[in-house]
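The values are calculated or read from the model by the stated rules, or taken from the named source; none is laboratory data. The shown structure was predicted, so the numbers you read here are calculated from the model rather than taken from an experiment. Every residue, glycine among them, receives a Cβ derived from its backbone with ideal geometry; neighbour counts consider all protein chains shown. Note: accessible area is taken over every heavy atom of the protein model, side chains too, but ligands, DNA and RNA are not part of it. Shrake-Rupley method; radii C 1.70, N 1.55, O 1.52, S 1.80 Å.
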Amino acid sequence: MIHEIFHLPVNYAQTLNGGQEPFLTSYFLENFKTLDPSRTRPVVLVCPGGGYDHLSSREGEAVAIKMTSLGFHAAILNYSLEPMEFPAALCDLAEAVHFLRANAKKYNIDPDKIIICGFSAGGHLAASLGCYWNNKILSDILPYKADEIKPNTLILNYPVITSDINFCHKGSIEKALGKNKVQQRDLVSIEKHISKDFPPTFMWHTNEDIAVPAENSLLMANALRNAGVEFEYHLFARGKHGLSLATKETSIPDGSTIEPECSIWPELFCNWYLR
């Protein structure tokens, strides 16, 4: 396994992200002469949640390792957090996708199979790039062509989606925007900006989620359907927010984030993705 840290360029004003330094941690599977030396693999880029004020360790390495066990390369993105201004974190994610695509040959990545796997606020970030990879929000800042930062597929795990005050995760929305950005609030309400160019999406949530209500993903599913975007959506009956893999490996000490019903989501994704 190629396990390294890659610091990403910051192609935008440092004032946007408060001088933070985004980086990738890789979990790339190696090829061997005796085992298909020319094999390329899809790569799953993990964006942990944490409300844009921290990154959840429970939604990082264990998820990456799970994905490698299913035959994917994986990487984890440490993206900009509070204090930042929109679209700092979005630029970080675009930079990460560009890095993976630009180095696809070196690391045996299939450049047409870059999958972003976002949890909670990380799901909001993933969905934001799904909306804005070909938008001037990024082209006015980054020196890349749209196809160089395009995600091919998204996995959205109990994602923050809407800025609607009735259903939003207030902290995530406010921290994603930064100070004095009330006029941009609509930009981060993802369900309002879905087009036919949005990537195919696998998404799941739980009906018992209080922190980020299921209305977030329900609004998203409806928007994807209306736009004609390919997607699969699972709404599980049980489970609190922040389940991660929903197994003992990623559980908090009291065991309340173990949900066998939900723990099958990686395999459900594979069944959908590899069909």
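Taking all protein chains together, 3, 124 sort by accessible area into 3, 124, largest first [probe 1.4 Å]. Listed values for region 219-226 are Karplus-derived 3J(HN,Hα) couplings in whole Hz (6.51 cos²θ - 1.76 cosθ + 1.60, θ = phi - 60°), namely 4, 5, 4, 5, 5, 4, 4, 5, and x replaces Gly and Pro. Taking 0.36 nm per residue of sequence separation and removing the Cα-Cα distance, the residue 139/residue 21 pair yields an extension gain of 40.4 nm. The DSSP beta bridges internal to the chain are antiparallel in roughly 30% of cases.
The overall shape of region 168-275 is oblate: from the C-alpha gyration tensor, with semi-axes ordered a ≥ b ≥ c, the ratio a/c is 1.5 or greater and a/b is no larger than b/c. Between the beta carbons of residue 164 and residue 1, assuming R0 = 30 Å, the FRET efficiency works out to 0.10 to the nearest 0.05.
Between residue 112 and residue 179, the simple spin-label model (points 7 angstrom out along Cα→Cβ) gives 4.7 nm. Taking label points 7 Å from Cα along the Cα-to-Cβ direction, residue 208 and residue 249 give a separation of 2.2 nm.
Distance from the alpha carbon centroid of region 162-220 to that of region 57-83 works out to 21 angstrom.
Residue ranges 138-147, 212-221, 165-174 sort as 212-221, 165-174, 138-147 when ordered by packing (mean number of other C-beta atoms within 10 Å per residue, highest first). Rounded to whole numbers, the Karplus 3J(HN,Hα) couplings from phi for region 35-50 are 9, 6, x, 9, 5, 10, 10, x, 10, 9, 9, 8, 10, x, x, x Hz, using 6.51 cos²θ - 1.76 cosθ + 1.60 with θ = phi - 60°, and x at Gly and Pro. Legend: residues 234, 73, sorted from most to least accessible area (1.4 Å probe; ligands, DNA and RNA excluded), read 234, 73.
Computed from the Cβ-Cβ distance with R0 of 35 Å, the FRET efficiency linking residue 256 to residue 69 stands at 0.90.
Shape index of the chain: Rg/Rh, with Rg the Cα radius of gyration and Rh the Kirkwood radius from the inverse mean 1/r over Cα pairs, equals 0.94. Once backbone amide H atoms are built at 1.01 Å from N, residue 231 has 201 as its partners under 5 Å, excluding neighbours fewer than 5 places away on the same chain.
With the other protein chains left in place, how much accessible area per residue, in square angstrom, belongs to region 1-141 at a 1.4 angstrom probe?
So region 1-141 comes to 38 Å² accessible per residue, rounded to a whole number.
For residue 238, nonlocal amide neighbours, meaning residues 5 or more places apart or on other chains whose placed amide H falls under 5 Å from its own, are 207. All other residues whose Cβ lies under 14 angstrom from that of residue 232 are scored, Lys and Arg at +1 and Asp and Glu at -1, for a net of 0. The accessible area of residue 66, taken with all protein chains in place and a 1.4 Å probe, comes to roughly 60 Å². Please name whichever of 220, 235, 188 sits farthest to the positive end of the charge dipole of region 163-239, dipole taken about the Cα centre and charges placed at Cβ: Lys and Arg +1, Asp and Glu -1. So the residue we want is 188. Computed 3J(HN,Hα) for region 85-95, one whole-Hz value per residue from the Karplus formula 6.51 cos²θ - 1.76 cosθ + 1.60 where θ = phi - 60°, is 10, 4, x, 4, 5, 5, 5, 4, 5, 4, 4, glycine and proline marked x.
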